[in-house]
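The values are calculated or read from the model by the stated rules, or taken from the named source; none is laboratory data. From a predicted model like this one, the values you see are computed outputs, not experimental measurements. When we count neighbours, we look across all protein chains shown, and the Cβ atoms used for this are built from the backbone with ideal geometry, even at glycine. Side chains are part of the model used for accessible areas, which takes the heavy atoms of the whole protein and leaves out ligands, DNA and RNA. Shrake-Rupley method; radii C 1.70, N 1.55, O 1.52, S 1.80 Å.
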Amino acid sequence: MVYGLWQSDLLTRTVPLSQPFKLENIMTNDVETTAWALEGLPGDELSIQNGLLTTRAARWPLCIDPQMQAVTWIKRREGKQLEGKVKTFHDADFLKQLELAIQYGFPFLFEGCDEYIDPVIDPVLERSLVLGPGGKQMIKLGDKEVEWDPNFRLYLTSKLSNPKYGPEVSGKASIINYGLTQQGLAEQLLGVTVAHERPDLEEARAGLVADMSANKALLKKLEDTLLRELSNATGNILDNSELISTLESAKEKAVEISQKLAAAKATAKDIEEARVRYNPVAARGAVLFFVMASLNAVNNMYECSLSAFLKVFNQVGCCTAATDT
């Protein structure tokens with residue numbers, strides 16, 4: 001809709017628009033998407049858009065996640081803060097743990113949801129906040145009121161590939177389809193293939209991605225520091241020797257990091273040129289998975305999970321002799 005209708009309408013009305021237009025370029029940046037990739041989110045366009053919806057949407061995300069990609073990413077993203085905060089609606093203590101997460105600003109994950117969402121969490125989904133004593137924000141959870149911490153984050157995921165949620169659910173949560181795409185799977189299989197054939201290459205790529213992410217984050221921090229120092233400066237800037245020294249130091253570091261990023265981009269280009277030789281293997285593997293996954297249309301017995309497929313794909317790679325061609 002964004003690309004087919006909205007962008008076409010803007011071009012028809014001759015509204016200035018950067019080309020090629022990509023929504024993710026406006027709503028995120030390389031620092032964040034690189035961090036997502038390190039956390040396990042596939043790098044294809046659809047997955048990046050799903051990540052934006054999960055982190056930016058006004059409503060809490062309900063992820064349709066048959067291959068458990070969203071669960072894996074969310075758990076890596078939140079890390080230790082999710083310990084003890086991954087529950088299902090069948091757990092006896094889920095309400096108590098949810099209450100603690102809301103009160104202390106921790107993330108909370110409902111895993112393996114089916115088509116029934118317990119109405120007891122409706123106030124949380126709707127963010128039905130009320131003012132309590134001292135102007136504190138409170139929310140009613142069950143039969144008690146809980147203090148609301150704005151850092152609280154809620155995630156819901158479902159393993160069902162095609163759940164049927166009614167308007168009472170879709171109106172309260174952002175339903176996001178994390179179903180696997182052929183392009184996203186091909187990128188994953190490419191990494192597996194290169195790790196077997198050229199482990200040195202994949203290791204260098206992983207290290208390069210981590211270094212570039214750290215350098216981009218540091219560069220952004222330096223830029224923010226420069227802007228903050230200039231905006232908070234009072235009087236004549238030229239007379240403020242401490243400010244000038246800080247700005248010069250920040251500028252030198254920024255130039256140094258920019259040079260490192262330029263060198264890293266050149267290295268990344270060389271690595272990608274070497275990896276592209278294995279694209280046919282990854283593409284065929286992705287096609288094979290989707291063919292196998294579609295067999296359940298013939299009979300429900302034919303079910304293939306991504307984890308099982310990746311396990312077999314890895315075993316085949318281990319049993320095959322590495323080649324340079």
Only listed residue being at pLDDT 80 or above and part of a helix (DSSP H, G or I), chosen from Arg277, Arg205: Arg277
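Matching residues to (1) loosely packed, with under 13 Cβ neighbours inside 10 Å; (2) of a type in the set (Val, Ile, Thr); (3) not in a helix (DSSP H, G or I):
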| position | (1), (2), (3) |
| --- | --- |
| Pro123 | no, no, no |
| Gly134 | yes, no, no |
| Ile139 | no, yes, yes |
| Val146 | no, yes, yes |
| Thr157 | no, yes, yes |
| Tyr165 | no, no, yes |
| Glu168 | yes, no, no |
| Leu180 | no, no, yes |
Subset of region 216-253 (residues that are among the small types (Gly, Ala, Ser) and part of a helix (DSSP H, G or I)): Ala217, Ser231, Ser241, Ser245, Ser249, Ala250
Enumeration of residues in region 208-223 that are open to solvent by less than 40 Å² (accessible area, probe 1.4 Å), farther than 22 Å from Asp44 by Cβ and either charged (D, E, K, R) or modelled with pLDDT of 80 or more (or both): none
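Condition (residue is of a type outside the set (Val, Ile, Thr), in contact with a Lys or Arg (Cβ under 9 Å, 6 or more places away or on another chain) and surrounded by fewer than 17 Cβ atoms within 10 Å (Cβ to Cβ)) applied to region 228-240: is it met by at least one residue?
Checked region 228-240: no residue is of a type outside the set (Val, Ile, Thr), in contact with a Lys or Arg (Cβ under 9 Å, 6 or more places away or on another chain) and surrounded by fewer than 17 Cβ atoms within 10 Å (Cβ to Cβ).
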Residues satisfying the stated conditions in region 182-192, i.e. open to solvent by 70 Å² or more (accessible area, probe 1.4 Å) and among the polar types (S, T, N, Q): Gln182, Gln183
Region 20-48 residues that are more than 19 Å from Arg205 (Cβ to Cβ), paired with ones that are outside any helix (DSSP H, G or I) (beta carbon under 8 Å, 6 or more apart): Asn25/Ser18; Glu45/Lys22; Leu46/Thr181
Filter result (in a helix (DSSP H, G or I), touching a residue at least 24 places away in the same chain (Cβ under 8 Å), buried (at least 18 other Cβ atoms within 10 Å of the Cβ) and not aliphatic (A, V, I, L, M)) within region 50-72: Asn50, Thr54, Gln69
